[in-house]
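Report on the structure given below.
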Amino acid sequence: MNPPPPDGLTRRRFLQTSLTVGGLTALGNWPMLADATPALTLPFERGERPLIAFPEKRPLMVMTTRPPQLETPFSIFDESIFTPNDAFFVRWHLANIPQTIDTRQFKLTIRGRVNETLSLSLLDLKQQFESVEIAAVCQCGGNSRGFFQPRVPGGQWGHGAMGNAKWTGVRLHDLLEKAGIAPDAKYVRFDGLDRPIADTTPDFLKSIPLHEVGASQILVAYAMNGEPLPYLNGFPLRLIVPGWYATYWVKMLNDIEVLNEEDHNFWMDTAYRIPANACGCLEPGQKPTQTLPLTRMTVRSFITNIEDGATLAASPRQLIKGIAFDQGYGIDQVLFSADGGLHWEATQLGHDHGDFSFRPWEIQVVLQPGRSYRFQSLAINRIGESQQLHPQWNPNGYLRNAVETVHVTTRG
Ligand SMILES: Nc1nc2c(c(=O)[nH]1)N[C@H]1C(S)=C(S)[C@@H](COP(=O)(O)O)O[C@H]1N2
Ligand SMILES: [Mo]
């Protein structure tokens, strides 16, 4: 599909006139690697990532440029509980992303097994439907894949393929209700404006069973942290599926199709699958005989204010802080260990921004001089699910929720 012709209200013009983006006004003009580009190194093999600023983004860790795959440097998660839009990670599968979007001509279509096909402008969405806001974590299924041992194929992300934002938009449920769902409807399929470059790559489509939609808080969002979505995070509309991995959070969403059968497209049947057992895990090196689609996120927590390998001064009151999240039951408690999991202490939870948000936590600990410590955090959600003490393995590197270790030494 060709992008619509630009006119006075295009996003491109918006970028040119309203934002300082260093002259990078079209998505086709992505920055290239220069020799002197600064870099960060993730703590695993081939973990070096150049830091480059893409349009509307501060310098982020580049995994690939076409399609853009940009990781949030982990220190950002210590600065605020909501990830700033210009620091939010970016992941696209297909390199043919429209360079301009005409917001006056843009339409979201709702079609298929419905009573009435809808074609809604951005204004229609804002005027005809109730606006809802939700704080929710968007996490790639492959977040932390680079830490898998033995290593697995796929993007070698550190822990920065996630972010937390306040999303504003309309309920998917309200849109479907307006269109009227046919009695034989079973799945809802989502498509965005991005397209493959080669015909052999299937278009990126994701589907959700209809029965998941009713009670859910799935949104079609037009704003992120109170601003229009950044282009690379799916301007002008994206799906928000609170608690589910980001693969379902279809960006540049322009087409919703109600199906009367299960969706067997590549991105449902072949990609993003996990072993069909309770842990979604296997003995390293094995292949699953049966698989299920990856859906909901596991419980995780991180220490954000101290880096692995840090040297600290001895202290009677060292503050340790971090974040925790799960699939939407909410975090019940986060435990902290300074000795690699031999002893655990309760931490103090911070402000609750909702069940799908990052939840802050902190604790003060005594640090003796000349010692080495292994700091760990362990989150437990409100239905008693906790992180794994040891990493579990699966061939696509999904679902990581092991307790992570931050090694610290104190000066003597
Ligand atoms: N249209 C479209 N939407 C998409 C994708 C894509 O390739 N195309 N990738 C999905 C995946 S796998 C992830 S991890 C998230 C990334 O969202 P972000 O770039 O806003 O961080 O977008 C999801 N939505
Ligand atoms: Mo992803």
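Values quoted throughout were computed directly from the atomic coordinates according to the rules given, and no laboratory measurement underlies them. Remember, predicted model here, so these are calculated numbers, not experimental data. Cβ placement follows ideal geometry from the backbone for every residue including glycine, while neighbour counts extend to all protein chains displayed.
Enter the mean projected area of the convex hull around the alpha-carbon atoms of the range 108-293, in nm², rounded to one decimal.
Mean projected area of the Cα convex hull: 11.7 nm².
Can you give the translational diffusion coefficient of the range 268-372 in µm²/s, computed by Stokes-Einstein from the Kirkwood radius over Cα pairs at 10 °C and 1.306 mPa s?
Stokes-Einstein gives a translational diffusion coefficient of 95 µm²/s.
At q = 0.26, 0.28 Å⁻¹, what log₁₀ I(q)/I(0) does a Debye calculation on the Cα points of the range 263-318 give, no solvent, two decimals?
Reported log10 I(q)/I(0), two decimals: -1.12, -1.19.
Plugging the Kirkwood radius over Cα pairs into Stokes-Einstein for the range 31-125, at a temperature of 4 °C and a viscosity of 1.567 mPa s, what D comes out in µm²/s?
Taking Rh from Cα pairs, D becomes 80 µm²/s.
How about the range 314-412: which GluC sites (Glu not before Pro) there lie in a loop by DSSP and see at most 16 other Cβ atoms within 10 Å?
Those that pass, being in a loop and sparsely packed, are E385.
Each label point is 7 Å from the Cα along the Cα-to-Cβ direction; what then is the distance between the points at L122 and T270, in nm?
Going by the 7 Å Cα→Cβ label model, 3.5 nm.
Less than 15 Å apart at the alpha-carbon level, and either on another chain or at least 8 residues along: which aspartates and glutamates does that give for K206?
Straight-distance partners of K206: D191, D194, D255, E257, E261, E262, D263, D269.
Is any residue of the range 311-331 close enough, with backbone N under 15 Å, to a label point placed 7 angstrom from the Cα of Q348 along the Cα-Cβ axis, and if so, which?
Within reach of a label on Q348, which here means backbone N under 15 Å from a point 7 Å along Cα→Cβ, the range 311-331 contributes 317-322.
So how far, in whole Å, is the C-alpha centre of the range 44-70 from the one of the range 159-233?
25
How many angstrom lie between the Cα centre of the range 335-361 and the Cα centre of the range 104-151?
What the calculation gives is 30 Å, centre to centre.
Can you list residues whose amide H is under 5 Å from L40's amide H, if they're 5+ apart or on another chain and H is modeled 1.01 Å from N?
Counting only residues 5 or more places away or on other chains, the set is R49, L51.
Once you measure Cβ to Cβ distances between cysteines in the chain, which Cys have no partner under 4.7 Å?
When partners are defined as cysteine Cβ atoms under 4.7 Å apart, the chain leaves C138, C140 without one.
What nm distance separates the two modelled labels at K287 and K186, each placed 7 Å from Cα along Cα→Cβ?
Between K287 and K186, the label points sit 2.7 nm apart.
May I have the pair-distance distribution P(r) for the chain, computed from all Cα-Cα distances with 20 Å bins from 0 and rounded to whole percent?
26, 57, 16, 1
To the nearest whole percent, what portion of all C-alpha pairs in the range 322-392 is separated by more than 13 angstrom?
Taking all Cα-Cα pairs of the range 322-392, the fraction more than 13 Å apart is 65 percent.
Please state, rounded to one decimal and in Å, the Kirkwood hydrodynamic radius that the range 147-201 gives when every pair of distinct Cα atoms enters the mean of 1/r.
Taking every pair of different Cα atoms in the range 147-201, averaging 1/r and inverting gives 16.5 Å.
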